[in-house]
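Engineer: There's a structure below that I have some questions on.
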Amino acid sequence: MAKIQRALLSVFDKTGLIPFAQALAAAGVEIISTGGTAKVLREYGVMVSDLSAYTEWPEMLDGRVKTLHPKIHGGLLFVRGDAKHEAAARKHGIKPIDLVVVNLYPFAQTVARAGATLEAAIEHIDIGGPAMLRSGAKNHQSVTVVMDPMDYAEVAGQLLATGDTTPESRRRLAVKVFANMAAYDGQIAAYLAKTFGMAQTPDAAGLPAPPAHGQPWPAALRVDLTQARELRYGENPHQRAALYGRFDDYFQQLHGKELSYNNILDLTAAAALAAEFADGPPTLAILKHTNPCGAAQGATLREAWEKALATDRQAPFGGVIAANRPLDLSCAEAVADIFSEVIVAPDFTPEALGLLQKKKNLRLIKALRPCGNSALELRSVGAGSLLAQEPDVKATDAAGWRLAAKRPPTEAERQAMVFGWRIVKHVKSNAIVFAAADRTLGIGAGQMSRLDACRLAVEKARTAGISLSGSAVCSDAFFPFADGLAVAAEAGATAAIQPGGSVRDAEVIAAADERGMAMAFTGTRHFRH
C-alpha cells in the first residue's frame, strides 16, 4: 500500500491538475476535494470524495467555512508515531491526510484590476487554504504540501516510484509554503493599510512605496520578491548572485548574451537617465559603471549619439547606451562602430534590430515602462541592515531657481543649465558636469572633493578636444569653497548652477561676480553615492 494514502486537493489555479490527480489515482491514493476542484476531477474521470462527505459537515457561510474542521486539520497535524496523537485520532475518527495540494485565491490580481472594490478584496482573502498549507507544512515530517503546479512533476514522480516523497522534498516544499504565506499576508496588509489610509501600497515592481508625507515610516518593512533568475556571478566571478523581483515586467531582452550583475546595474541606471528626457527631443546617453560619460540631444538619435560620444571617446568602450525613443537604423549603424555591452531603448526598428543582431553578444533591451518612480530605494549596508529612502524624482523647475549672481543667465546659458542639471542628477558624487544647451562637454564623477571633480571634468574635455567656453558648470551639491568655481571659470564656464546652502555661499557668489558669471541656486541637492 502506498505510504501516501490520502490527499486533499483544493486549488484555484487548475494548471496541471488533471495529470497530477491521475498520477495520484494510479498510485492508489484516495483523493478528497472541494466543490470546483472536485467537479473538474470528475469531468476527467478521476475518482474523488467530496470534502463535506468526508467531514460529515456541510460547507457554510457562502463557502467561507468548509475546510476549517478537526477531521481536516487533525488529519494534517497529528504526529505519526506519537501514541497520544494516534489514540486521539482513532477516538475522534480522524484519518491521516498525507498530501495537501492547495493554491490560493489570487488576491494581488483581484486588487490590481480596474475598479476593484474593498468588498471584492475581502472576499478574496483566503482563510482555509493558508490554514491547510500551514498545518501541512508544520507537520512536514509526515505530510507533503504542494501549492505550486511547478512542483507536481517532482511529487508525482517520487510517489509513483516509491509511494512517498523524500524528506528533502517535504522540507523544501514546507519552506516554500511559509515563504509564500508571508508574501500573501504582506499583500493583504499592504492593500488594507493603503485602503484605510495607513500606508502606501507596493508599486508595480512589488516593492513598498514610501509613506505619504506626514505619515510615519513603518515599524517593519516587508519585502517579497520572487527570484527572476540566477546570475552567472556578481560584481566579480568569485561572488554568487541572483536577480529578484519583476525586472522582466520592465525590461525585455531581444538579443545577446545573458545579462550580468553589472549589466543590470548599468542598464537600470541608463534607463533612468533616458526616462528623464522621455518627453524631450531625441536624447541619447552613454554610461559606464552607472555614470554617464556623455549625453546629448539632437534632431535625430544619430546626431545625439555623435554629440554624446564626442564628450569622451575612450570611456564608452564596453559601456551601455540608452535612448529615449526607438532606435533607428541610422543610429544603429553609428553605434555599431564601437563595442558596447548593452543598448536599452523603448524599442528598435526592424532594420536597426536586424543590423545590431549581427553582433552575437550585444545585449539589446527593450524598456517596457519607466522604473524607479514610486518604489522605495533599498540598499544593503551590511550588519543585517537596509537603508530605505524615497527615490530622487524631483523634476528640474527653472521657475523655482534663485539667481544668486549679479548677472542673469542668457537664454543659451539657461538652456545649458537646465540640460546639465538634469544630467548631474545621475552622476555619482562628487559630481560636476559642464554642459551646453544640448550636450555634455565634460564630466567629473565620484571624486573625494568637488575641486577634484571640477579638475577631472576640465581634463576630460581637454582630452576630448572640447572647448568649455560659454558652458554652464553644474554641481550636484553646493560649492563648499570658491576654488572649484574658479577652476570652472578659468576653463571657460560663464554660468553655474548648484543647490546653494553653504556657509560660504557669499564667498562663492562673490567669486562668480568677480568673473562675470551667472549663477543659479536650485535649493535641491542631488547626491548619488
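No value in this document is a laboratory result; all are computed from the given coordinates. Keep in mind that this is a model prediction, so the values were computed, not measured. Note: ideal-geometry Cβ built from the backbone for every residue, glycine included; neighbour counts use all protein chains shown.
Engineer: Using all alpha carbons of the range 114-188, what is the percent of pairwise distances in each 10 Å bin, ordered from the shortest bin to the longest?
Structural biologist: In order of increasing distance, the bins hold 18, 42, 24, 12, 3 percent.
Engineer: Whole-Hz ³J(HN,Hα) for each residue in the range 111-123, computed from phi via Karplus 6.51 cos²θ - 1.76 cosθ + 1.60 with θ = phi - 60°, x for glycine and proline: what do you get?
Structural biologist: 3J(HN,Hα) across the range 111-123, in whole Hz: 6, 7, 5, 4, x, 4, 9, 4, 4, 5, 4, 4, 5.
Engineer: Then there's this: Taking the Cβ of Ile432 as the center, what net charge do the other residues with Cβ under 15 Å away carry, scoring Lys and Arg +1 and Asp and Glu -1? Numbers along the way, then the final one.
Structural biologist: On the way: positive: Arg422, Lys425, Lys428, Arg450, Arg455, Lys460, Arg462, Arg525, Arg528; negative: Asp312, Asp452, Glu459, Asp476, Asp483, Glu490.
Result for the neighbourhood of Ile432: +3.
Engineer: Shifting gears a bit: What are the ³J(HN,Hα) values, in whole Hz, obtained from phi via the Karplus relation 6.51 cos²θ - 1.76 cosθ + 1.60 with θ = phi - 60°, for each residue of the range 302-312 in sequence order, with x given for Gly and Pro?
Structural biologist: With the stated coefficients, the range 302-312 comes to 5, 5, 4, 4, 4, 5, 5, 5, 5, 4, 7 Hz.
Engineer: While we're looking at this one, here's another question. Run through the DSSP bridge list for the range 247-367 and note the antiparallel percent, rounded to the nearest 5.
Structural biologist: Here the share of antiparallel DSSP bridges comes out near 60 percent.
Engineer: Using alpha carbons only, how many degrees (0 to 90, rounded to 10) separate the axis of helix 261-275 from the longest principal axis of the chain?
Structural biologist: Tilt of helix 261-275: around 60 degrees.
Engineer: Scaled to the compact-protein estimate 2.2 N^0.38 Å, what is the alpha-carbon radius of gyration of the range 380-438, rounded to two decimal places? Could the numbers behind the result be given before it?
Structural biologist: Numbers: Rg = 16.0 Å, N = 59, 2.2 N^0.38 = 10.4 Å.
So the range 380-438 has a normalised radius of gyration of 1.55.
Engineer: Further, regarding this structure: Evaluate the Kirkwood expression for the hydrodynamic radius of the range 6-194, namely the inverse of the mean inverse distance over all pairs of different C-alpha atoms, and round to one decimal in Å.
Structural biologist: Computed over Cα pairs of the range 6-194, the Kirkwood hydrodynamic radius comes out at 17.2 Å.
Engineer: Give the calculated FRET efficiency between Glu333 and Gln109 to the nearest 0.05, with a Förster radius of 51 Å applied to their Cβ-Cβ distance.
Structural biologist: 0.70
Engineer: Using amide H atoms built in the peptide plane, which far-off residues or other-chain residues are under 5 Å from Lys428 H to H?
Structural biologist: Amide H to amide H, under 5 Å and 5 or more residues apart or across chains, Lys428 pairs with Gly446.
Engineer: Now for a different question. With charges only on Cβ, +1 for K and R and -1 for D and E, what is the dipole size of the chain about its Cα centre, in debye, rounded to 20?
Structural biologist: On the way: 56 positive and 54 negative charges, 191 e Å.
Using Cβ point charges on Lys, Arg, Asp and Glu, the chain gives about 920 debye.
Engineer: Another one. Compute the angle between helix 411-424 and the longest alpha-carbon principal axis of the chain, please, reported from 0 to 90 degrees and rounded to the nearest 10.
Structural biologist: 40 degrees
Engineer: Can I ask one more? Would you kindly derive the ³J(HN,Hα) couplings of the range 489-503 from the backbone phi angles with the Karplus curve 6.51 cos²θ - 1.76 cosθ + 1.60 (θ = phi - 60°), listing them in order in whole Hz, with x for Gly and Pro?
Structural biologist: Once θ is set to phi - 60°, the couplings for the range 489-503 become 5, 4, 7, x, 5, 10, 9, 9, 9, 7, x, x, x, 7, 5 Hz.
Engineer: Give me the net charge for the shell around Val40: Cβ to Cβ below 12 angstrom, other residues only, Lys and Arg +1, Asp and Glu -1. If you can, show how the numbers build up before the last one.
Structural biologist: Details: positive: Lys14, Lys39, Arg42; negative: Asp13, Glu43.
Net of charged neighbours comes to +1.
Engineer: Count the net charge of all other residues whose Cβ sits under 12 Å from the Cβ of Leu353, scoring Lys and Arg as +1 and Asp and Glu as -1.
Structural biologist: Here the charged neighbours net out to 0.
Engineer: Quick check on the exposure proxy: order Trp305, Trp401, Trp217 from fewest to most C-beta atoms within 10 angstrom.
Structural biologist: So the residues, fewest neighbours to most, are Trp217, Trp401, Trp305.
Engineer: Treating the beta-carbon of each Lys and Arg as +1 and of each Asp and Glu as -1, no other charges, what is the dipole magnitude of the range 380-437 about its Cα centre, to the nearest 20 debye?
Structural biologist: The dipole magnitude comes to about 200 debye.
Engineer: Still on this structure: Please report the Cα spread of the range 247-367 along all three principal axes, rounded to whole Å, starting with the longest.
Structural biologist: So the extents along the principal axes, rounded to whole Å, are 31, 29, 29.
Engineer: Here's something else I'd like to know. Let me know the charge dipole size of the range 430-529 about its Cα centre in debye, to the nearest 20, where only the beta-carbon of Lys, Arg (+1) and Asp, Glu (-1) is charged.
Structural biologist: Computed charge dipole of the range 430-529: roughly 300 debye.
Engineer: Arranged from highest to lowest average of other beta-carbon atoms within 10 Å per residue, in what order do the peptides 168-174, 12-18 appear?
Structural biologist: The packing order, highest mean first, is 168-174, 12-18.
Engineer: Give me, ordered by chain and number, the residues 5 or more places off Cys293 or on other chains with an amide H under 5 Å from its own placed amide H.
Structural biologist: Ile286, Leu287, Lys288
Engineer: Specify the angular offset, from 0 to 90 degrees and rounded to the nearest 10, of the alpha carbon long axis of helix 505-514 from the longest principal axis of the alpha carbons in the chain.
Structural biologist: 40 degrees
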